[in-house]
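Following: one structure in C-alpha cells, then a few remarks.
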Amino acid sequence: MSIPEKDLKIVRDLAKKIAEISALPEQKEKAELWYKLNSLERVRPMIILQNGTWHETGDEIKLEAEDGFARQHEWSLRATLYHWKNMPDDTVYEAKIYSPIFISGTDMGIGTNATRPDHVFGAAKYNSVISDDADPNIIPMPTVTVDWDATEKHYQQLCEIYDGILTVEKRGVAGHWFSMVDTFIQWRGLENTFTDMIDRPKWVHAWMQRMTDWALSNLDQYEKLGVLSLNNGNVGVGPGGLAFTNELPQKDFDGTHVRPIDQWGHATTQIFSEVSPAMHEEFALRYEKQFLSRFGLTSYGCCEPLDKKVNILRSIPRLRRISMSPWVDPERGANEIKKDYIFSYKPNPAIIGMEKWDGDLARKILKDALDKSKDCVVEVIMKDLHSCRKEPWRMWEWVKMAKQLAEEYA
C-alpha cells in the first residue's frame, strides 16, 4: 500500500508532535504515580476521562489527508493531540504506536434477538433464543488462527510511515474482559435468567461452566500461538486506570513468550447489580475465579454497584482493583476496601450530559466521594460519556476541576 507523499507528510508531522509531548518530563512523572498506585501506595487520586462523545463532537477534528489508510492514522493522532491540549488528565503519552497481530477466532455460535428503542443509547430488551431444554454443549469450543503474513506486512508498513519518529511495536491480546453472565442474559433474556437461577440452578450452572471452559480454551490457544502481549504499562485495566506495574511479568518470564500469569486479567457481571452477594458468588464469581486465577494481577467490576459485595470479592486471586460505580455508597465502599485494593471510582457521567452544565455541582459530588475515600488508594475514571450536549468544553472543565481536587487530596 502506497500513501501519497502529501498525506504521508501530514501523518509524520502529527507523529512528531506526539513524540515531542511524549518526551516531556511529566509523562515519566505520571507513569511513576501509576506505578505507585498499582502497588497500593497512597498517592493523589489519579484522573482519567474517556471521551465517548465523538458522535457529537467529531467536527472538532479536521482531516486533511485523502488516502483512506492515512486518514485513519491522522484521526487517531489528531484525537490524541486534542485530548492532550484540552483535557490534561493523567493519560500518559508515549512515542509508540502498536501494530496489531491479526487474530481470528470462532465464536460461541449463538446470536441475539433484541427489541431496541429508537434512541441510539436506549435500553434493549433481549428476547430468549435459548429454549428451556437447550444443551450448553451446543457451544462449540473455539478455534483461534493467526495470519502472520498480514501481521508482518502491516507492521512493515507502519515502520516505514513512522520511521525515526515513533517506535512501532507488535501487539496481540493485551486485555481481557470476562463477562459470561452479561453475555448469557442476551441469549436467555433477563427475566428468564433470574427465574432460572431459582427454579433450574443446575441448568444455569451447566451453561456457566461451558462458557467458562470456552473462555479458558480460547486463552490457552492465545498462549500456545504466542499472541498474548504484556499489559503492564500504558494500557487500561478493564474499565479502570493505567496498568503500570513492576509486579508483571513474573520473575521467570523468558522475555518472549507471554503467559496469562504475566498479565492483568479482568472480570465483571454488570447484570447482577440487584442480585444478592450469595447468588452473585454462586452463579458468577465461582466461574470468574476459574478464569482470573490464570492471571498475575486482576481487577473486578464495571457499572455494577459492588460496595455491598467486597467481602465475596476478597476470594479472587491476586485482586488489585475494584470498580466503584456511580451507584455505590462511596463511604461504605471505602470502609470495605480500605487500602487492600484500588478504589476505582466512576463518577456519574450524567453530570456532563445535563441540560445545563453545573461545575459547582460536579465539584461537590466528586469532593464528597474523595472525602469519603480519603484513606483509600483512589483513581477517578470518568467514562460512559454518551453526551456533552455538543459542548466539549464541559469535559475540559471537569478535568481541570478534578485535577485541582486531586491535588488537595494528595
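The values are calculated or read from the model by the stated rules, or taken from the named source; none is laboratory data. Bear in mind that the values here come from a model prediction, so they are computed numbers and not experimental data. Don't worry about glycine lacking a Cβ; one is built from the backbone with ideal geometry, like all the others, and counts go over all protein chains shown.
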Find the strands (runs of 3 or more DSSP E) located wholly in region 113-157 whose residues include 1 or more that are of a type outside the set (Val, Ile, Thr) and modelled with pLDDT of 95 or more, and list them. 113-115, 125-127
Return the pair list, or none, for Cβ contacts closer than 6 Å from residues in region 346-365 that are part of a loop (DSSP other than H, G, I, E, B) to residues that are among the β-branched types (Val, Ile, Thr), at least 6 apart or on different chains. Lys346/Ile381
Checked Ile316, Ile322, Ile365, Ile352 against criteria (over 27 Å from Phe244 (Cα atoms) and buried (at least 20 other Cβ atoms within 10 Å of the Cβ)); the one match is Ile352
Flagged in region 234-246 as under 19 Å from Val378 (Cβ atoms) and assigned to a loop (DSSP other than H, G, I, E, B), in numbering order, are Val237, Gly238, Pro239, Gly240, Gly241, Ala243, Phe244, Thr245
Is it true that Thr143 is among the β-branched types (Val, Ile, Thr), in contact (Cβ under 8 Å) with a residue 40 or more places away in the chain, surrounded by fewer than 18 Cβ atoms within 10 Å (Cβ to Cβ) and closer than 23 Å to Trp264 by Cβ? no
Among the residues in region 249-259, are any closer than 17 Å to Ile381 by Cβ and among the polar types (S, T, N, Q)? no
With a cut-off of at least 2 residues that are at pLDDT below 95 and of a type outside the set (Gly, Ala, Ser), name the helices (runs of 4 or more DSSP H) lying wholly within region 1-89. 54-57
If you scan region 182-202, which residues turn out to be aliphatic (A, V, I, L, M) and either under 30 Å from the mean Cα position of the chain (by Cα) or buried (at least 18 other Cβ atoms within 10 Å of the Cβ) (or both)? Ile185, Leu190, Met197
When you look at Ser99, is it over 29 Å from Pro392 (Cβ atoms), in contact (Cβ under 8 Å) with a residue 12 or more places away in the chain, among the small types (Gly, Ala, Ser) and surrounded by 15 or more Cβ atoms within 10 Å (Cβ to Cβ), yes or no? yes
Restricting attention to region 1-54, the residues that are among the charged types (D, E, K, R) and under 23 Å from Lys346 (Cα atoms) number exactly 6
Tell me yes or no: at least one residue of region 298-311 is surrounded by 17 or more Cβ atoms within 10 Å (Cβ to Cβ), within 29 Å of Asn218 (Cα to Cα) and among the polar types (S, T, N, Q). yes
Among what's in region 156-172 and is within 25 Å of the chain's Cα centre (by Cα) and among the β-branched types (Val, Ile, Thr), pick the residue that is surrounded by the fewest Cβ atoms within 10 Å (Cβ to Cβ). Thr167
Selected residue (only one of Pro317, Pro305, Pro249 is touching a residue at least 24 places away in the same chain (Cβ under 8 Å), part of a loop (DSSP other than H, G, I, E, B) and either of a type in the set (D, E, K, R) or more than 21 Å from Leu40 (Cβ to Cβ) (or both)): Pro305
I'd like the residue in region 265-281 that is in contact (Cβ under 8 Å) with a residue 40 or more places away in the chain and farther than 29 Å from Ser229 by Cα and, out of all such residues, is surrounded by the fewest Cβ atoms within 10 Å (Cβ to Cβ). Ser273
Checking the condition over 30 Å from Asp13 (Cβ atoms) and either in a helix (DSSP H, G or I) or among the hydrophobic types (A, V, I, L, M, F, W, C) (or both), which residue from Val168, Val204 passes? Val204
